[in-house]
1. Residues with beta-carbon under 10 Å from that of residue 299, excluding residue 299: net charge, scoring Lys, Arg +1 and Asp, Glu -1?
2. Amide H of residue 100 versus every other amide H placed in the peptide plane: which residues, excluding those fewer than 5 positions away on the same chain, fall under 5 Å?
3. Where both partners of a DSSP beta bridge lie in the range 232-307, what percent of those bridges are antiparallel, to the nearest 5?
4. Read phi for every residue in the range 113-122 and hand back ³J(HN,Hα) as whole Hz from Karplus 6.51 cos²θ - 1.76 cosθ + 1.60, θ = phi - 60°, with x for Gly and Pro.
5. If packing is taken as the average number of other Cβ atoms within 10 Å across a peptide's residues, how do 125-134, 384-393 rank, most packed first?
6. At R0 = 22 Å, how high is the FRET efficiency between residue 154 and residue 57 if r is their beta carbon distance? Nearest 0.05 is fine.
7. Going by amide H atoms built from the backbone, whose H comes under 5 Å of the H on residue 133, apart from near neighbours?
8. Please give, to one decimal in nm, the separation of the simple spin-label points placed at residue 216 and residue 43, each 7 Å out from Cα toward the Cβ.
Amino acid sequence: MRRRSGTIAAVGAAFAAGVVVGPLVAAWAQEGSRAETYRLLNLFGDVFERIRAEYVEPVNDRDAIENAIQGMLSGLDPHSSYLNPRMYRDMQVQTRGEFGGLGIEVTQEGGFIKVISPIDDTPAARAGVRPGDLITHLNGNSVQGLTLQEAVEQMRGERGTSIRLTIRREGAERPIELSITRDVIRPQIVRFRLEGGDIGYIRISSFNEQTEAALRRAMQQIRQQAGNNLRGLVLDLRNNPGGLLDQAVQIADDFLDQGEIVSTRARRQEDGQRWNARPGDIAQGLPIVVLINSGSASASEIVAGALQDHRRAIVMGVKSFGKGSVQTVMPIPGNGAIRLTTARYYTPSGRSIQATGIEPDIEVLATREDTSAAAIARREREADLRRALRNDNGAQRPQAAAPPPPPPMNLPPGLLERVQRMPAEGAPAFDPARPETDHQLQQAVQLLRGIAAAPAPQRRAGR
């Protein structure tokens, strides 16, 4: 990786200086045995020189080269991109669990900025930003023509400064204007409480360097509060956009005693990796329900898929986002970094969830309106993004069909039939401050209590 990054940086520097370094380019072309590569690099140099000489206004060489690199990467798939030095620093800060801005996970679609999920307890969440919102303007200026990174950079800023977002929302008759004051984002990535004194509830909102340690603290405190009454655990990964792969692996490992957690397959077979669980289950065998929805992506899907395949948990909710690719951040010394898609990941049974997502074991809708055509259209997923990688289930395994589905849940008789797929007609609207209005959560709690109440030989159902 370092060698490739150095080559890109060197070529970029050569073009920025307004020259084509013949030996360097020729060496690259010879290495790939592609005379066409040499011709195309000369084409790039010719276009660059024409822009420098004849564009209506003077062009900054660095900006032109960075734009070219950004276009080269963003043209590959929705998640590869160039990070200039400032963006790279911001990303490192965010990965540590603290950054300045609004608190939203976004992608780009149709020239606009689409909200994947607002992060809990951030200015964006408090202002009412919702998953699926399309941000069309920032401070009155259209986001069309901006790269995703440029838009993100504009939304970030010093604590106490404000930005005006214009949002287009499905079902709203006119654009929504929101003025949001930036803050230092220190999201509480793990929240927990007891439901009814006997069911532990843990919500993970993202995966950064602090997530697994926070999960262990939450589990410890739940046990202290519940004493011997703890009967099950709800792991809420709804609207969790993902994050660090190693944190997803560690969290899945926390609930598994053995077996594969996830594997990755890259362009070269030798670059693939596999992670296996170590002995030790912090839930000590208690039944688990994992809640997912269309905002559950990437690292969330790794955890849900691993626990589902091993039947360590029952997955409930609606199909997840379907981001089954791995991005590697490759620093370019003195010039930021590139974020490059380098592999697909696979659940223990060999499923690639790229562009398909995790199907819940039990589908439970958040609202009755979720069955409408408009609601279904709002659930944009990875497969809907331009240039999304294809799903290759079965393609890399000789004489193999698609991977098998997870084994049966083996629930106690009659328990599955008592799960209500949608709220009752006239049920109160969902209010985050009132857990009793969260239909998916309440169905998870009732399911866990039903498992715990079953005769002893059946209490391992879901494992």
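Read-outs throughout are calculated quantities, based only on the coordinates presented, and are distinct from any laboratory measurement. Just so it is clear, the structure is predicted and the values come from calculations on it, not from any experiment. Note: ideal-geometry Cβ built from the backbone for every residue, glycine included; neighbour counts use all protein chains shown.
1. Computed value for this residue: -1.
2. 185
3. 50
4. Result, ordered by residue: 9, 9, 7, 7, 6, x, 7, 3, 6, 10 Hz.
5. For the peptides 125-134, 384-393, the packing ranking is 125-134, 384-393.
6. In this case the efficiency is close to 0.55.
7. 115
8. Taking the simple label geometry, residue 216 and residue 43 are separated by 5.4 nm.
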